[in-house]
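Student: Take a look at this one; I'll ask things after.
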Protein chains: 2
Amino acid sequence: MDLDDPRRPLLGHVPQSRARRLANKLCSLESWRRRVPITIWLPNYKLDYLLRDFIAGITVGLTSIPQGIAYALVAGLPPQVGLYSSIFPGVVYSIFGSCKDVTVGPTAILSALLAKYVAKSVDFAYLAAFLSGCIILLLGVLQLGFVLDFISKPVISGFTTAAALQIAAAQLKTLFRVEGSSGNTFIDALINFFKHIMTIHLWDSALGIASIVALLLLKRLPTGGGGILAAVSLHASRARNALVVLAGASLAAGLHARGIVPFALAGKIEGGLPHFGLPPFSTTVGNSTLNFEEMLSVFGAEGLVMPLVAVLESIAIAKAFAGGAGVDVTQEMVAVGACNVAASLAQGMPATGSFTRTALNRAAGVATPAGSLVKASVVLLAVTLLADAFYYIPRAALAGVIVVAMMSIIDFSIVITLWRNNKGEMCTWAVTVIVGAAAGLEYGILCGALADLLRLLLAAARPRLHTHLFKVGNIDCMSVTLVGAVSYASAEWLPRKLRRVVDSPHSPHSPHSLHSPHAPRLLVLDGRHVHSIDVGVAENLLSVILELEKDGYVFLLWNFPDRCRKLFQELRPEFERKLVNGPSIDQHVLGLDIIGR
Amino acid sequence: MDLDDPRRPLLGHVPQSRARRLANKLCSLESWRRRVPITIWLPNYKLDYLLRDFIAGITVGLTSIPQGIAYALVAGLPPQVGLYSSIFPGVVYSIFGSCKDVTVGPTAILSALLAKYVAKSVDFAYLAAFLSGCIILLLGVLQLGFVLDFISKPVISGFTTAAALQIAAAQLKTLFRVEGSSGNTFIDALINFFKHIMTIHLWDSALGIASIVALLLLKRLPTGGGGILAAVSLHASRARNALVVLAGASLAAGLHARGIVPFALAGKIEGGLPHFGLPPFSTTVGNSTLNFEEMLSVFGAEGLVMPLVAVLESIAIAKAFAGGAGVDVTQEMVAVGACNVAASLAQGMPATGSFTRTALNRAAGVATPAGSLVKASVVLLAVTLLADAFYYIPRAALAGVIVVAMMSIIDFSIVITLWRNNKGEMCTWAVTVIVGAAAGLEYGILCGALADLLRLLLAAARPRLHTHLFKVGNIDCMSVTLVGAVSYASAEWLPRKLRRVVDSPHSPHSPHSLHSPHAPRLLVLDGRHVHSIDVGVAENLLSVILELEKDGYVFLLWNFPDRCRKLFQELRPEFERKLVNGPSIDQHVLGLDIIGR
């Protein structure tokens, strides 16, 4: 086997130019059809699919209604906004979406991010959906999805955990019906809750906790064994959110009829269809009118976190359900962008893929994106026909629905994996969670990304030198291996490290190892796995090598790529005789007059 | 030879803890003496050194006087400020400096950076010296010199070139004595010059150009051959700045005695010693008084570029003259910091190592930092005794001195090296020069550093995969080698790339190569040179490998570090049987039931 042949072929040469590939792509009908996936799946639609899509759509719809209302309330919006945001994006996703399982609608995290803007004016919700949609569409069309690669898994996980913690903590206020605000961060929410804990309402608390217990029990309903009982418990488990909210609303309505109103209720919902039209580009906050520019400045740079999170959520979900390789990231971005623009045109809030509803959709056996259309119809029916019934939904039951949803998102198990594998990634995760919980979710994701960047810088500044002692004939040799792109950030450190490693191969702190009998005087700098060397590093490296040669060491630079060899010779022409190539270093070592030195 | 034994020992284990080493260091007298190098060289001073230091001190002093005056004028300060800044920092450097060659004083680049603050009030110069000194001292004491590692050679080179271009262009105004301002950037300076080109003064222009020609000729005086003539021309060449300025001043004084004043003159210099004391912590700009905080906000974050540049200049020079390994970076930072604090206490402007004067110092044969003391005395004598004579120095002659100094700094030769070695570094250089010349030097260095960061990110996001085809017995195999720290930024790209490389080892665009007779089905992922893998990459990599195995490929993961092996098994327990170790892959390949598949 000759795995280490230095004349390794480098693959990845692309015969077609990038521009040409792009041109081919733009001209083919097939690639345009890929951008509107309904043109691919609808012509192949089978009757068999219809039933599956129907069942899945109804199941997901029944969850979308309570969650839509709950998330609208999280953002501080009227309940119907959350429902509208399930309907129209759902229709659009069935046209442009490429993953059959994904269901689009308002999510807890987007709602939490939106809340502080909505506190100023409801109009910010619609504008946020519009701007997020435009930004996502733009990223998709310009194929800029790769910027998401710089948000690492620990940051995403930390962000999700911090968001779930904050959202759950903010629900404490509603769950126990205490006074005060729900707070803009996890810490805020906890402080507010404990500050007003004496204003707790017993009935709401009881209902809220009962809802949580009921949801957890329904989730764990035994569905095995077959038969009608199993089928009933399967459906009860899948529709648990709707069932719990329905039970709460029935109870509240029954008591209301008797003139008792022990719970805080969702309140009057403006049913019917939304007003269609462009989102508002100016708004009134307090006594002053903000124009478009002033609204933009309210969003600020932090506002960019909303489209970013929408894309991250949606693509992460698509990958989880479609398998890593099967997701067309560009198409998903186009679809989610279009969904948000659609939401904004129909009085909706920002929407994206929802993990729980997508999982439900798949479990219910959805066959095509038509399931999304059925779901939208179910929610549309509810908002037009049942709006009056929604009045009686107790807020504590909705809070229970949210808290249980958040419990399934919070994920501390990754901590162990990160801790074992890489303390740096663990720190990134911790920074994201702590900053996210204490200072706000936007700052969490930002600081997490910066922590990752710092890790990258550190890795570039402190590359590892692999060393290995070996013999050629009687001659003790040591090889020092450089790998990858040797970057400018290591220009000072790498030559110093080389000197330290060379000066003390056995005992790192003995400066006189050269005089010990087994210390190698012959050093092979192994460049087989070097991809590039920045000029500053090369200069310093060659200087140190020359200094070490003055101390009696002999260097060979083995199998560096051509570009590096040329650079070395340009910087120090005397290096020409030290640059050697070939599958084995032995002949070069034996060719040296090392014994005579 | 067994260079590739995978059980390579990783050197660099440090037996002493960092804290212990630090404690040892703090307790030893020797390490404290290293912080005050005069305690080391003065006791060993020899009479022989005295003459050498004396000659070098006078030579450098004669250059420091015209340059000091010129650079003070560049910053918009009274001429004596530039001289004070040569005197007191010179004395301090002789105490704390560790490199005998380095001479400290005002430099063209620092003056250019300072000019825009001095335009508001002269007090900013003294405060800038004080704050820069404190910041540099702090960086030195806290051993934070490593932050400079992130300023690459192309950025330093580009910054120096942009600065030299800007300073030279700004001198056009003085050289030709045109109206208008000298401009804050290279482009500005050129625009201003050409806008007012009709106001050119003939006599100043003639004198300025004559000075430049004289300086260039004196620089190239033949000094070989020995004898008195050679010695005279050597000294004339070294004292050329003083000679040219002296000639200009004599001419101007002679004409002045006859009542003719054809040149713009340096003007009245307040001679004698400066007022000692703390720098001003408040100042008056126009009609309003700025307190310390307001002065700080005038400097802003950009103000940090001054200490940064002071350190970079000084350390780059020390390294160039003392050899890469011989420079104690921390000590240089302490020395330069102390020099700047000293300058600020004695009405001086920011100072740092000067390349031209350091080169002159070495060429004149300086033996110890005492040369710096002699230089300081020469400048002190001049400012106390010759202040009245300085009145007659023509500004055009000073501009000539500056322009010639800048011509030696501008360096386009690096472009060819960068272009051949690395287009990315070339771009960094170009960004630094272009932004520096068009928008200001501070922005140049900032954008250059960001461009470097982008290169780092790109390298992390798009690591190279080395592939190699080989045979074990009859079995066609391909190895794919990962190296270094495999970072989160490649989490999406690397698995995609692996799939592409595996699917098409011979023709990158044939998706059916598996069915061609020579396409290897056995793939060895070579992890010998991997240092770490981020969790996100590992997850996606394992997913793609499992998908590829479904397509009929067989994978072996060879010699990954223990930490990675554990991570793989934790993520996908079924990978245990694929993780193989050992010096040769052959036995593992032959052990597979690949023929039967």
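Since every read-out is calculated from the coordinates, none of them should be taken as a lab result. Keep in mind it's a predicted model, so treat the numbers as computed, not measured. All Cβ positions, glycine included, derive from the backbone under ideal geometry; neighbour counts span all protein chains shown.
Student: How would A:Asp476, A:Asp204, B:Asp562 line up from fewest to most surrounding beta-carbon atoms within 10 angstrom?
Tutor: Taking fewest neighbouring Cβ atoms as first place, the list is B:Asp562, A:Asp476, A:Asp204.
Student: While we're here: For segment A:124-198 and segment A:33-101, what is the separation of their C-alpha centers, rounded to whole Å?
Tutor: Centre-to-centre distance over Cα atoms comes out at 22 Å.
Student: Now, a different point. Please report the orientation-averaged projected area of segment B:95-151, defined via the convex hull of its C-alpha atoms, in nm².
Tutor: Across all orientations, segment B:95-151 yields a mean hull projection of 5.3 nm².
Student: Quick one: putting +1 on the C-beta of Lys and Arg, -1 on the C-beta of Asp and Glu, what dipole do you get for segment A:466-591 around its Cα centre, in Debye to the nearest 20?
Tutor: Using Cβ point charges on Lys, Arg, Asp and Glu, segment A:466-591 gives about 120 debye.
Student: Could you list which residues have their amide H under 5 Å from that of B:His466, counting only those 5 or more apart in sequence or on another chain, with H placed in the peptide plane?
Tutor: Close amide H contacts, sequence-distant or interchain: B:Thr481.
Student: Quick one: label points 7 angstrom along Cα→Cβ at B:Lys550, distances to the other copies in nm, smallest first?
Tutor: Label-point separations across copies, in nm and ascending: 6.3.
Student: Shape call for segment B:27-80 from the C-alpha gyration tensor, a ≥ b ≥ c root eigenvalues: rounded (a/c under 1.5), prolate (a/b greater than b/c) or oblate?
Tutor: Because a/c hits 1.5 or more and a/b fails to exceed b/c, segment B:27-80 counts as oblate.
Student: If one computes the Cα centroid of segment B:221-292 and of segment B:371-398, what distance in Å separates the two points?
Tutor: 6 Å
Student: Ok, one more. Using only the alpha-carbon atoms of segment A:353-405 as identical scatterers, what base-10 log of I(q)/I(0) does the Debye formula give at q = 0.15, 0.28, 0.29, 0.31 Å⁻¹?
Tutor: Summing over Cα pairs of segment A:353-405 leads to -0.60, -1.04, -1.04, -1.06.
Student: Straight-line reach from B:Lys100: which aspartates and glutamates fall under 15 Å, measuring Cα to Cα and dropping same-chain residues less than 8 apart?
Tutor: Straight-line reach from B:Lys100, under 15 Å: B:Asp53, B:Asp328, B:Glu332.
Student: Using a 7 Å offset from the Cα along the Cα-to-Cβ direction at both B:Leu26 and B:Lys471, what is the distance between the two label points in nm, to one decimal?
Tutor: A separation of 6.7 nm, rounded to one decimal place.
Student: Would you mind calculating the relative contact order of chain B from Cα pairs under 8 angstrom and at least 6 residues apart, reporting the percent as a whole number?
Tutor: It comes to 22 percent, rounded to a whole number.
Student: Would you mind telling me the antiparallel percentage of the DSSP bridges in the protein assembly as shown, rounded to 5?
Tutor: 45 percent
Student: By how many degrees, 0 to 90 and rounded to 10, does the Cα axis of helix B:240-257 deviate from the longest principal axis of chain B?
Tutor: Computed tilt is about 30 degrees.
Student: Moving to a separate point now. Evaluated at 20 °C with a viscosity of 1.002 mPa s, what Stokes-Einstein diffusion coefficient in µm²/s does segment A:209-266 have when Rh comes from the Kirkwood expression over alpha-carbon pairs?
Tutor: Diffusion coefficient, whole number: 168 µm²/s.
Student: How high is the relative contact order of segment A:466-591, in percent, counting Cα pairs under 8 Å that sit 6 or more residues apart?
Tutor: Averaging sequence separation for qualifying contacts and normalising by length gives 26 percent for segment A:466-591.
Student: Evaluate peptide B:473-481: per residue, the Cβ atoms of other protein chains within 10 Å of its Cβ; return the mean as an integer.
Tutor: 2
Student: With only Lys, Arg, Asp and Glu charged, each at its Cβ (+1 for the first two, -1 for the last two), find how big the charge dipole of segment A:132-246 is about the Cα centre; round to the nearest 20 debye.
Tutor: 320 debye
Student: How far apart are the B:Leu273 label points across copies, placing each 7 Å from Cα toward Cβ, in nm, shortest first?
Tutor: Computed spacing set for this position: 9.2 nm.
Student: Report the local net charge at B:Phe263: Lys and Arg +1, Asp and Glu -1, summed over other residues whose C-beta lies under 9 Å from its C-beta.
Tutor: Neighbourhood net charge equals +1.
Student: Starting from the Cα of A:Leu571, step 7 Å toward the Cβ, then list every residue of segment A:444-484 with an amide N under 19 Å from that point.
Tutor: Residues passing the 19 Å test: A:460-466, A:480-484.
Student: A:Ala335: net charge of surrounding residues, Cβ under 15 Å, Lys/Arg +1, Asp/Glu -1, itself excluded?
Tutor: Its environment carries a net charge of +1.
Student: Let me ask you something else. Where a ≥ b ≥ c are the square roots of the eigenvalues of the C-alpha gyration tensor, would you call segment A:534-597 rounded, which needs a/c under 1.5, or, failing that, prolate if a/b is larger than b/c, or oblate?
Tutor: oblate
Student: Starting with the fewest neighbours, write out B:Glu293, A:Glu313, A:Glu547 ranked by other beta-carbon atoms found within 10 Å of each beta-carbon.
Tutor: Exposure proxy ranking, most exposed first: B:Glu293, A:Glu547, A:Glu313.
Student: Using Cα atoms only, what is the angle between the long axis of helix A:370-385 and the major principal axis of chain A, expressed in degrees (0 to 90) to the nearest 10?
Tutor: Taking the Cα atoms of chain A, the angle to A:370-385 is about 40 degrees.
Student: Kindly identify segment A:466-591 as rounded, prolate or oblate by the Cα gyration tensor criterion: order the square roots of the eigenvalues as a ≥ b ≥ c, call it rounded if a/c is under 1.5, otherwise compare a/b with b/c, prolate if a/b is larger, else oblate.
Tutor: oblate
Student: Related question: Distance in nm between label sites at B:Trp493 and A:Leu216, each 7 Å beyond Cα in the beta-carbon direction?
Tutor: Output for this residue pair reads 4.6 nm.
Student: Taking the beta-carbon count within 10 Å as an exposure proxy, list B:Ser372, A:Ser31, B:Ser233 from fewest neighbours to most.
Tutor: By the 10 Å Cβ count, ascending: A:Ser31, B:Ser233, B:Ser372.
Student: So, with +1 on the Cβ of K and R and -1 on the Cβ of D and E, and no other charges, what is the size of the charge dipole of the protein assembly as shown about its Cα centre, to the nearest 20 debye?
Tutor: Using Cβ point charges on Lys, Arg, Asp and Glu, the protein assembly as shown gives about 880 debye.
Student: Can you find, among A:Leu381, A:Ala128, A:Gly353, the residue sitting farthest towards the positive end of the charge dipole of chain A, where Lys and Arg contribute +1 and Asp and Glu -1 at Cβ?
Tutor: A:Leu381
Student: For the pairs A:Lys471/B:Lys153; B:Lys120/B:Lys268; B:Lys219/B:Lys268; A:Lys497/B:Lys497; A:Lys550/B:Lys423, flag any whose C-alpha to C-alpha distance is greater than 27 Å.
Tutor: Going by Cα-Cα distance, A:Lys471/B:Lys153; B:Lys219/B:Lys268; A:Lys497/B:Lys497; A:Lys550/B:Lys423 fall outside the 27 Å limit.
Student: While we're looking at this one, here's another question. Given the alpha-carbon gyration tensor of the protein assembly as shown, what are the semi-axes of its equivalent ellipsoid in whole angstrom, ordered largest first, with each equal to the square root of 5 times an eigenvalue?
Tutor: Semi-axes (√(5λ), whole Å): 65, 42, 27.
Student: Taking H placed 1.01 Å from N in the peptide plane, check which residues at least 5 places from B:Val472 or on another chain put their amide H under 5 Å from its amide H.
Tutor: B:Cys477
Student: Tell me the distances, shortest first, between A:Lys195 and the same position across the other copies, using label points 7 Å along Cα→Cβ, in nm to one decimal.
Tutor: Spacings between copies for this position, smallest first, are 5.5 nm.
Student: So for the pair B:Ala247, A:Leu47, with labels modelled 7 Å out along Cα→Cβ, what separation do we get in nm?
Tutor: Those two pseudo-labels are separated by 10.7 nm.
Student: Taking chymotrypsin sites (Phe, Trp or Tyr not before Pro) as candidate sites, keep only those in a DSSP loop with at most 15 other Cβ atoms within 10 Å, then name the longest stretch of chain A containing none of them.
Tutor: Within chain A, the longest run free of exposed chymotrypsin sites (Phe, Trp or Tyr not before Pro) spans A:46-275.
Student: Would you list the P(r) distribution for chain B, with all Cα-Cα distances sorted into 10 Å bins from 0 and each bin expressed as a whole %?
Tutor: 3, 14, 21, 19, 13, 10, 10, 7, 2, 0, 0
Student: Remind me, what semi-axes does segment A:97-233 give for its equivalent ellipsoid, largest first in whole Å, using sqrt of 5 times each Cα gyration tensor eigenvalue?
Tutor: 32, 27, 15
Student: Here's a follow-up. Treating only the Cα positions of segment A:232-354 as identical point scatterers, give the base-10 log of I(q)/I(0) from the Debye formula at each q in 0.13, 0.19, 0.22 Å⁻¹.
Tutor: -0.91, -1.12, -1.20
Student: Now for a separate question. Show the residues, 5+ positions off or on another chain, whose built amide H is closer than 5 Å to the amide H of A:Glu179.
Tutor: A:Thr199
Student: If you don't mind, another one. Grab the Cα-Cα distance for A:Ser205 and A:Leu454, subtract it from 0.36 nm times how many residues apart they are, and report the gain in nm with one decimal.
Tutor: 85.1 nm
Student: Shifting gears a bit: If you average the sequence gap of Cα pairs under 8 Å that are 6 or more apart and divide by the length of segment B:109-202, what percent do you get for the contact order?
Tutor: So the answer I get is 21 percent.
Student: In addition: Pop the C-beta distance of B:Ser413 and A:Asn581 into the FRET formula with R0 = 25 Å and round what comes out to the nearest 0.05.
Tutor: Step by step, r from the Cβ atoms, then E = 0.30.
Student: Counting only other chains, and only Cβ atoms inside 10 Å, what mean value do you get across the residues of B:425-431?
Tutor: 1
Student: Could I ask something else about it? Estimate the FRET efficiency between A:Thr289 and B:Glu294 by the formula 1/(1 + (r/R0)^6), using the beta-carbon distance for r and 30 Å for R0, to the nearest 0.05.
Tutor: 0.30
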